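Take a look at the structure below.
The values are calculated or read from the model by the stated rules, or taken from the named source; none is laboratory data. What you are looking at is a predicted structure, and each value in this text was computed from that prediction instead of being measured. Note: ideal-geometry Cβ built from the backbone for every residue, glycine included; neighbour counts use all protein chains shown.
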Amino acid sequence: MWSVWERITDEHVAKVVAGDLSYADMHLTRSRCFLEELGAEMDAGDIVGFEARRRELLRRSWRLFDDVLPCLDWLTAAGVQLAAVTNASGGHQRAKLADLGLARFFDHVAIAGEMGTAKPDPVMFHTVCLTMGCDPSEAAHVGDKLDTDAIGARDAGLGGVWLNRRAVSEDVPTGVHEIDSLVDLPELLICEFASVGVPVQR
(Lines give C-alpha, C1' and ligand atoms only; values in the text may rest on other atoms or scores of the structure.)
Protein backbone atom coordinates (compact mmCIF):
# COMPACT_ATOMS: atom_id res chain seq x y z
CA MET A 1 0.00 0.00 0.00
CA TRP A 2 2.94 2.32 0.61
CA SER A 3 3.79 2.60 -3.09
CA VAL A 4 0.16 3.52 -3.81
CA TRP A 5 0.21 6.14 -1.05
CA GLU A 6 3.47 7.65 -2.35
CA ARG A 7 2.18 7.84 -5.94
CA ILE A 8 -1.08 9.49 -4.88
CA THR A 9 0.83 11.87 -2.60
CA ASP A 10 3.13 12.93 -5.45
CA GLU A 11 0.12 13.55 -7.69
CA HIS A 12 -1.58 15.71 -5.07
CA VAL A 13 1.55 17.66 -4.16
CA ALA A 14 1.89 18.51 -7.86
CA LYS A 15 -1.65 19.92 -7.80
CA VAL A 16 -0.83 22.02 -4.73
CA VAL A 17 2.31 23.39 -6.33
CA ALA A 18 0.38 24.20 -9.51
CA GLY A 19 -2.16 26.14 -7.46
CA ASP A 20 -5.01 23.76 -8.32
CA LEU A 21 -5.47 22.49 -4.77
CA SER A 22 -4.87 23.94 -1.31
CA TYR A 23 -2.81 22.05 1.26
CA ALA A 24 -5.81 22.09 3.61
CA ASP A 25 -7.95 20.32 1.01
CA MET A 26 -5.13 18.10 -0.23
CA HIS A 27 -4.99 15.89 2.86
CA LEU A 28 -8.64 14.84 2.69
CA THR A 29 -8.65 14.54 -1.09
CA ARG A 30 -5.52 12.39 -1.00
CA SER A 31 -6.99 10.08 1.65
CA ARG A 32 -10.22 9.76 -0.33
CA CYS A 33 -8.33 8.82 -3.51
CA PHE A 34 -6.15 6.37 -1.59
CA LEU A 35 -9.12 4.63 0.04
CA GLU A 36 -11.00 4.48 -3.27
CA GLU A 37 -8.00 2.87 -4.95
CA LEU A 38 -7.95 0.23 -2.22
CA GLY A 39 -11.64 -0.44 -2.87
CA ALA A 40 -12.86 1.00 0.45
CA GLU A 41 -16.29 2.64 0.29
CA MET A 42 -16.41 5.45 2.85
CA ASP A 43 -18.56 8.54 3.17
CA ALA A 44 -17.23 12.05 3.79
CA GLY A 45 -17.41 11.69 7.57
CA ASP A 46 -15.49 8.42 7.52
CA ILE A 47 -12.75 9.98 5.40
CA VAL A 48 -12.43 12.91 7.82
CA GLY A 49 -12.10 10.43 10.68
CA PHE A 50 -9.56 8.33 8.80
CA GLU A 51 -7.41 11.38 8.02
CA ALA A 52 -7.57 12.64 11.61
CA ARG A 53 -6.49 9.24 12.96
CA ARG A 54 -3.75 8.95 10.35
CA ARG A 55 -2.27 12.33 11.26
CA GLU A 56 -2.43 11.66 15.00
CA LEU A 57 -0.79 8.23 14.66
CA LEU A 58 1.87 9.70 12.41
CA ARG A 59 2.69 12.48 14.85
CA ARG A 60 2.90 10.08 17.80
CA SER A 61 5.17 7.70 15.87
CA TRP A 62 7.87 10.20 14.85
CA ARG A 63 11.26 8.93 15.99
CA LEU A 64 14.81 9.92 15.14
CA PHE A 65 17.24 7.40 13.73
CA ASP A 66 20.25 7.03 16.03
CA ASP A 67 22.57 8.62 13.45
CA VAL A 68 20.63 11.89 13.05
CA LEU A 69 21.74 13.98 16.03
CA PRO A 70 25.44 13.01 15.84
CA CYS A 71 25.46 13.93 12.15
CA LEU A 72 23.68 17.25 12.69
CA ASP A 73 26.01 18.05 15.60
CA TRP A 74 29.01 17.36 13.37
CA LEU A 75 27.65 19.49 10.53
CA THR A 76 26.90 22.36 12.90
CA ALA A 77 30.35 22.16 14.51
CA ALA A 78 31.89 22.14 11.02
CA GLY A 79 30.04 25.37 10.19
CA VAL A 80 27.93 23.82 7.42
CA GLN A 81 24.73 25.70 6.63
CA LEU A 82 21.64 23.49 6.61
CA ALA A 83 18.32 23.82 4.83
CA ALA A 84 15.33 21.50 5.16
CA VAL A 85 13.83 21.16 1.67
CA THR A 86 10.50 19.37 1.56
CA ASN A 87 7.49 18.66 -0.62
CA ALA A 88 5.42 18.12 2.56
CA SER A 89 3.10 20.79 3.90
CA GLY A 90 4.60 23.66 5.89
CA GLY A 91 2.61 23.01 9.05
CA HIS A 92 3.44 19.32 9.02
CA GLN A 93 7.15 19.80 8.39
CA ARG A 94 7.64 22.62 10.91
CA ALA A 95 5.74 20.70 13.58
CA LYS A 96 7.87 17.63 12.95
CA LEU A 97 11.12 19.58 13.19
CA ALA A 98 9.95 21.25 16.38
CA ASP A 99 8.61 18.09 18.04
CA LEU A 100 11.82 16.21 17.31
CA GLY A 101 14.04 19.05 18.52
CA LEU A 102 15.61 19.59 15.10
CA ALA A 103 14.48 23.11 14.24
CA ARG A 104 17.55 24.65 15.89
CA PHE A 105 19.85 22.98 13.37
CA PHE A 106 18.34 24.50 10.23
CA ASP A 107 19.15 27.91 8.83
CA HIS A 108 16.25 27.73 6.39
CA VAL A 109 13.12 25.63 5.79
CA ALA A 110 11.88 25.46 2.18
CA ILE A 111 8.30 24.28 1.62
CA ALA A 112 7.16 23.30 -1.88
CA GLY A 113 3.61 24.62 -1.50
CA GLU A 114 4.86 27.98 -0.25
CA MET A 115 7.41 28.31 -3.05
CA GLY A 116 5.19 27.27 -5.93
CA THR A 117 7.61 24.57 -7.03
CA ALA A 118 8.63 21.14 -5.77
CA LYS A 119 11.48 18.67 -5.93
CA PRO A 120 12.81 17.50 -8.37
CA ASP A 121 12.22 20.77 -10.25
CA PRO A 122 15.61 22.55 -10.47
CA VAL A 123 13.86 25.81 -9.55
CA MET A 124 13.30 24.51 -6.02
CA PHE A 125 16.96 23.61 -5.52
CA HIS A 126 18.21 26.82 -7.14
CA THR A 127 15.88 29.01 -5.07
CA VAL A 128 17.13 27.44 -1.85
CA CYS A 129 20.74 27.89 -2.93
CA LEU A 130 20.04 31.55 -3.68
CA THR A 131 18.51 31.98 -0.23
CA MET A 132 21.52 30.26 1.37
CA GLY A 133 23.91 32.45 -0.59
CA CYS A 134 25.68 29.73 -2.52
CA ASP A 135 26.01 28.44 -6.04
CA PRO A 136 24.36 25.05 -6.73
CA SER A 137 27.82 23.60 -7.37
CA GLU A 138 28.68 24.50 -3.77
CA ALA A 139 25.75 22.58 -2.28
CA ALA A 140 24.77 18.96 -1.66
CA HIS A 141 21.27 17.61 -1.16
CA VAL A 142 20.68 14.52 0.98
CA GLY A 143 17.40 12.65 0.68
CA ASP A 144 15.82 9.21 0.87
CA LYS A 145 14.25 9.26 -2.61
CA LEU A 146 16.60 8.45 -5.45
CA ASP A 147 14.68 10.26 -8.19
CA THR A 148 13.14 13.20 -6.33
CA ASP A 149 16.10 13.95 -4.08
CA ALA A 150 19.42 12.64 -5.35
CA ILE A 151 18.92 12.65 -9.12
CA GLY A 152 16.88 15.84 -8.95
CA ALA A 153 19.68 17.57 -7.05
CA ARG A 154 22.35 16.27 -9.41
CA ASP A 155 20.39 17.45 -12.44
CA ALA A 156 20.08 20.89 -10.81
CA GLY A 157 23.86 21.10 -10.44
CA LEU A 158 24.12 20.14 -6.77
CA GLY A 159 25.78 17.13 -5.24
CA GLY A 160 23.13 14.42 -5.04
CA VAL A 161 23.27 12.04 -2.05
CA TRP A 162 20.80 9.17 -1.76
CA LEU A 163 20.20 7.99 1.81
CA ASN A 164 19.22 4.40 1.08
CA ARG A 165 18.39 3.15 4.58
CA ARG A 166 16.31 0.22 3.37
CA ALA A 167 19.08 -1.10 1.10
CA VAL A 168 16.79 -0.86 -1.93
CA SER A 169 18.46 -2.37 -4.98
CA GLU A 170 18.64 0.32 -7.66
CA ASP A 171 21.07 1.30 -10.37
CA VAL A 172 22.64 4.48 -9.02
CA PRO A 173 23.46 6.82 -11.89
CA THR A 174 26.71 8.68 -12.38
CA GLY A 175 27.01 11.77 -10.22
CA VAL A 176 24.84 10.40 -7.40
CA HIS A 177 26.40 9.22 -4.14
CA GLU A 178 24.73 6.47 -2.11
CA ILE A 179 24.95 6.01 1.67
CA ASP A 180 22.93 3.75 3.96
CA SER A 181 23.45 5.80 7.12
CA LEU A 182 24.15 9.39 8.07
CA VAL A 183 27.21 8.04 9.86
CA ASP A 184 28.81 8.00 6.40
CA LEU A 185 27.85 11.57 5.46
CA PRO A 186 30.74 13.46 7.13
CA GLU A 187 33.36 11.33 5.38
CA LEU A 188 31.54 11.72 2.06
CA LEU A 189 31.41 15.49 2.45
CA ILE A 190 35.07 15.68 3.36
CA CYS A 191 36.21 13.39 0.54
CA GLU A 192 33.89 14.56 -2.22
CA PHE A 193 32.82 18.10 -1.38
CA ALA A 194 35.41 19.60 0.99
CA SER A 195 36.94 21.73 -1.74
CA VAL A 196 33.72 23.74 -2.13
CA GLY A 197 32.56 23.89 1.51
CA VAL A 198 28.97 22.98 0.75
CA PRO A 199 25.81 24.14 2.54
CA VAL A 200 23.86 20.89 2.83
CA GLN A 201 20.18 20.58 2.01
CA ARG A 202 18.17 17.76 3.54
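Tabulated results
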quantity	calculated
Residue in the stretch 92-102 that is surrounded by 13 or more Cβ atoms within 10 Å (Cβ to Cβ), touching a residue at least 24 places away in the same chain (Cβ under 8 Å) and farther than 22 Å from W5 by Cα present	yes
Positions within the stretch 112-129 being under 21 Å from I151 (Cβ atoms) and outside any loop (DSSP other than H, G, I, E, B), in sequence order	A112, M115, P122, V123, M124, F125, H126, T127, V128, C129
Selection within the stretch 166-180 - under 22 Å from D67 (Cβ atoms), in contact with a helix residue (DSSP H, G or I) (Cβ under 9 Å, 6 or more places away or on another chain) and not in a strand (DSSP E or B)	V168, E170, V172
Qualifying residue in the stretch 77-85 (condition: in contact with a helix residue (DSSP H, G or I) (Cβ under 6 Å, 6 or more places away or on another chain) and part of a loop (DSSP other than H, G, I, E, B))	yes
Residues that are outside any helix (DSSP H, G or I) and surrounded by 11 or more Cβ atoms within 10 Å (Cβ to Cβ), drawn from the stretch 1-19	A18
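Conditions (1) outside the structural domain of I190 (by TED's automatic domain parsing); (2) polar (S, T, N, Q); (3) within 25 Å of E11 (Cα to Cα); (4) at pLDDT 95 or above, marked per residue:
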position	(1), (2), (3), (4)
V48	yes, no, yes, no
R53	yes, no, yes, no
L97	no, no, yes, no
F106	no, no, no, yes
T117	no, yes, yes, no
V123	no, no, yes, yes
P136	no, no, no, yes
A156	no, no, yes, yes
